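Asker: What follows is a structure written as structure tokens; I'll ask about it next.
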Amino acid sequence: MQYLHMNFDMLKKKKKEDIENMGADMNEGGELNEQELAQDATAEEAPSAEALLKEELSLANDKYLRLYAEFDNFRRRTSKERIDLLQTAGKEIIVSLLPVLDDFERAERAMETSTDVEAVKEGVKLIQNKLNNILSQKGLKPMQSIGQPFDADLHEAITNIPAPTDDLKGKVIDEMEKGYTLGDSVVRFAKVVVGA
């Protein structure tokens, strides 16, 4: 605003000098016609105000484009980080399961030459315990379903059979496939037989 006021004063001063030098634009009393001066100054001011608005618009557009580009970069970066995180999480679990895979390969080689079935059974149980320990460290927990009331949020009923006793009606009698939770969420529903 101060710029416009200074610009208007400079235009007014220049116009006065031009009029004095040329001896024109005088009214009948020999005084300067201020109405004409104001019109000329307004005519000069309009383009400068328009130029100011164009400059402001240009700055706003530039700011908008920079902000949009920054947001687009942020979106791409977070998407890439999310993909990397998922791949890294999967890699961590696979690396932790590699010793179990090695144990199974050793057990397979031992079964080819072994005649002692009990030693093979013991080896397989050790491998199963190792696998269960690794998975429980990652947050995987098996569900205890047998004898529990049937819950559709945790169990998937395969079939209903007559309950052997009255206290087993509506409860899980047998488990065809064990269910698992990871943290607080169900990752696999238990497939169960329910007493009717």
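Asker: With a 1.4 Å probe and every protein chain left in place, work out the accessible area per residue of the range 57-196 in Å², rounded to a whole number.
Answerer: Per-residue value: 77 Å².
Asker: List the residues, sorted by chain then number, that are 5 or more residues from E156 or on another chain and whose placed amide H is less than 5 Å from its amide H.
Answerer: Residues meeting the amide H criterion: A190, K191, V192.
Asker: Can you give the alpha-carbon Rg of the range 105-195 over 2.2 N^0.38 Å, where N counts its residues?
Answerer: Working: Rg = 17.6 Å, N = 91, 2.2 N^0.38 = 12.2 Å.
Its radius of gyration relative to the 2.2 N^0.38 Å reference: 1.44.
Asker: Right, here's the next one. What's the whole-number percent of alpha carbon pairs in the range 77-122 lying beyond 16 angstrom?
Answerer: Across the range 77-122, Cα pairs with separations above 16 Å total 58 percent.
Asker: Using θ = phi - 60° and the Karplus curve 6.51 cos²θ - 1.76 cosθ + 1.60, what whole-Hz ³J(HN,Hα) does each residue of the range 67-78 get, with Gly and Pro shown as x?
Answerer: These are the phi-based 3J(HN,Hα) values: 5, 4, 5, 5, 5, 4, 4, 4, 4, 5, 5, 5 Hz.
Asker: Give me, ordered by chain and number, the residues 5 or more places off M143 or on other chains with an amide H under 5 Å from its own placed amide H.
Answerer: The list, which skips near neighbours in sequence, is G179, Y180, T181.
Asker: Additional query: Which of the residue pairs K121/K169; K138/K191; K54/K80 have a Cα-Cα distance greater than 30 Å in the structure shown?
Answerer: Values: K121/K169 37 Å; K138/K191 23 Å; K54/K80 39 Å.
Flagged as over cut-off: K121/K169; K54/K80.
Asker: So how do 108-118, 89-99 stack up, highest first, on mean other-Cβ count within 10 Å?
Answerer: On the way: 108-118: 9.3, 89-99: 11.2.
In decreasing order of mean packing, 108-118, 89-99 become 89-99, 108-118.
Asker: Could you pull out every residue, at least 5 positions away or on a different chain, whose amide H is within less than 5 Å of the one on D174? Hs are placed 1.01 Å off N in the peptide plane, and Pro or chain starts have none.
Answerer: The answer is V193.
Asker: While we're looking at this one, here's another question. Step through the residues of the range 136-141 one at a time and calculate ³J(HN,Hα) from phi using the Karplus curve (6.51 cos²θ - 1.76 cosθ + 1.60, θ = phi - 60°), rounding each to whole Hz and writing x for Gly and Pro.
Answerer: Result, rounded to whole Hz: 5, 5, 7, x, 7, 10.
Asker: Hey, any idea what % of the range 127-196's accessible area is carbon plus sulfur with a 1.4 Å probe?
Answerer: On the way: 2330 of 4540 Å².
Carbon-and-sulfur percentage of accessible area, whole number: 51.
Asker: With θ set to phi - 60° and the Karplus curve 6.51 cos²θ - 1.76 cosθ + 1.60, what are the ³J(HN,Hα) couplings of the range 153-158 in order, to the nearest whole Hz, using x for Gly and Pro?
Answerer: Going residue by residue, I get 6, 10, 10, 10, 6, 7 Hz, with x marking Gly and Pro.
The values are calculated or read from the model by the stated rules, or taken from the named source; none is laboratory data. Remember, it's a predicted structure, so these values are computed and weren't measured experimentally. As a convention, Cβ positions derive from the backbone with ideal geometry for all residues, glycine included, and neighbour counts pool all protein chains shown. Surface accessibility is based on the protein's heavy atoms, side chains included, excluding ligands, DNA and RNA. Shrake-Rupley method; radii C 1.70, N 1.55, O 1.52, S 1.80 Å.
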